[in-house]
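First comes the structure, then the notes that go with it.
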Amino acid sequence: MVDGEPAVVERDAAIKALRADYDKSYFVTGDMTMWLYEPDCEFADPFVSFNGRDRFKQNVSNLGSFMEEVSLKILDWQESEGMVTAKWRFSCVLGLPWRPILAASGATDHYFNESTGKIYKHVEKWDISPADGVRQLLKPNPKLKKR
């Protein structure tokens, strides 16, 4: 154990922690089980790919501070040898003056290191293109009152 972080994580504990992170909408709040990820874990989505769990936590914490009315529904949860795939549907309102609605369905593949039991790769796939995601950001919320 280094700095209170387990060197090796048992599979059941890893799955339980990952599920609890989803229950807390970790990718919006940044409230995630840090020891579940390798320090140099690869994080990828249709917009960007980078390494480092600290950077991921900072990114999601910053982004999450702009999100309101967050909804995350797990549609399917598949566990296989060395991997967990969570299929989800997500929506939120961004705290910008035009209050755009961001919504997508997709899946996240979590790849586990055989020797440590920690996640070494976190890959998101969305059912919308990055261009459609940007269009959602630019579109005013239809619930805004017209003046």
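The values are calculated or read from the model by the stated rules, or taken from the named source; none is laboratory data. Keep in mind that this is a model prediction, so the values were computed, not measured. A quick note on method: Cβ atoms are made from the backbone with ideal geometry, for glycine too, and the neighbour counts reach across all protein chains shown. In case anyone asks, the SASA skips ligands and DNA or RNA and just uses the protein heavy atoms, side chains included. Shrake-Rupley method; radii C 1.70, N 1.55, O 1.52, S 1.80 Å.
If a residue must be closer than 14 Å to Lys24 by Cβ and either of a type in the set (A, V, I, L, M) or not in a helix (DSSP H, G or I) (or both), how many such residues does the stretch 57-72 contain?
Looking only at that region, the number is 5.
For Asp12, work out the one condition from (1) of a type outside the set (Val, Ile, Thr); (2) modelled with pLDDT under 95; (3) more than 11 Å from the chain's Cα centre (by Cα); (4) open to solvent by 40 Å² or more (accessible area, probe 1.4 Å) it doesn't fulfil.
(2)
Considering each residue of the stretch 13-36, count those that are hydroxyl-bearing (Ser, Thr, Tyr), in a helix (DSSP H, G or I) and touching a helix residue (DSSP H, G or I) at 6+ places or on another chain (Cβ under 8 Å), and give that number.
So the answer is 2.
Run down Thr29, Thr33, Thr108, Thr85 and say which single residue is in contact (Cβ under 8 Å) with a residue 12 or more places away in the chain and closer than 21 Å to Leu137 by Cα.
Of Thr29, Thr33, Thr108, Thr85, the one residue that is in contact (Cβ under 8 Å) with a residue 12 or more places away in the chain and closer than 21 Å to Leu137 by Cα is Thr29.
Specify the residue that is most open to solvent (accessible area, probe 1.4 Å); the eligible residues are those in the stretch 88-132 that are in a strand (DSSP E or B) and of a type in the set (Phe, Trp, Tyr).
Among residues in the stretch 88-132 that are in a strand (DSSP E or B) and of a type in the set (Phe, Trp, Tyr), the one most open to solvent (accessible area, probe 1.4 Å) is Tyr120.
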